[in-house]
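Written out below as C-alpha cells is the structure these notes cover.
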Amino acid sequence: MKVRNDPSATPTSRANRRLLFAATLTIAMIASVLASGSAQASYQPCTNYRVTTQWGRVEVDTRPRDGDPIGNIAWAMFLNNIGDVPGRYDYQILVNGRVIETDNRFKDDNFHMTIPRYLDGHYRYEAGDEIQVIASHAAGKNLYVTPINRCTVPYTAG
C-alpha cells in the first residue's frame, strides 16, 4: 500500500485505501455508539484531555482565538514509532455524533490540527458540545486507528 500521494499509485491501491478507511470508520463508529451508553453521556472536558494507547496517544485541548475563549480545539495524534509517522492520515470530525468534516492530510511529523469554532460564517460547535475525531493512518504493515476520544467543549479555554 502506498502511503504518500504517489502518481504511480495504481487505481487498485487507491481503492484499497478507500476501502480500508471506510472499514476503519465503520468499526470506530460502531465502537463509538456502543460506548455511548445512554442518550448523552457526560464526558471529560476538552482541556488537557489525553487518551493513551500501546502505540501512542491522542491529546485534545481548547485554545482561545480572537477573543473567543473556546475559539479552537487543538487535536493531535502522536505515534511512539517515529518511523511510522510520515504519510497520509484520514480523519472525520464529529460534533454531537454528527460528521462536520471528512478529509485527509499528509504529514511529515505527527498528525495535529486545530478545529476552529467559527468557520465560513457559522459556528461549528458550542460550549457543552461533544467533540470526537476518528483518524486512521496506514504505515507499512501497521494500521493506526484512534481510540475513542470524546470530550466536551468547556465554557472557557484551558
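The values are calculated or read from the model by the stated rules, or taken from the named source; none is laboratory data. As the structure is a prediction and not an experimental result, all values here were calculated from the model. Here Cβ is always computed from backbone atoms with ideal geometry, including for glycine, and neighbour counts include all displayed protein chains. Accessible surface is based on the protein model in full, side chains and every heavy atom, while ligands, DNA and RNA are left aside. Shrake-Rupley method; radii C 1.70, N 1.55, O 1.52, S 1.80 Å.
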*Return yes when Asp120 is in contact with a Pro (Cβ under 8 Å, 6 or more places away or on another chain) and open to solvent by 10 Å² or more (accessible area, probe 1.4 Å) and no when it is not.*
no
*Only listed residue being surrounded by fewer than 17 Cβ atoms within 10 Å (Cβ to Cβ), touching a Leu at 6+ places or on another chain (Cβ under 8 Å) and either free of Cβ contacts under 8 Å to residues at least 60 places away in the same chain or not in a strand (DSSP E or B) (or both), chosen from Ile100, Ile148*: Ile100
_So, in the range 54-70, exactly how many residues are in contact with a strand residue (DSSP E or B) (Cβ under 9 Å, 6 or more places away or on another chain) and outside any strand (DSSP E or B)?_
2
*Do you know which residues across the range 128-145 are surrounded by 14 or more Cβ atoms within 10 Å (Cβ to Cβ) and either assigned to a loop (DSSP other than H, G, I, E, B) or β-branched (Val, Ile, Thr) (or both)?*
Asp129, Ile131, Val133, Ile134, Val145
*Mind checking whether some residue in the range 108-131 is farther than 21 Å from Pro45 by Cα and in contact (Cβ under 8 Å) with a residue 60 or more places away in the chain?*
no
_Exclusive hit being of a type outside the set (Gly, Ala, Ser), under 14 Å from Glu59 (Cα atoms) and modelled with pLDDT under 95, set Ile131, Ile148, Ile115, Ile73_ = Ile148
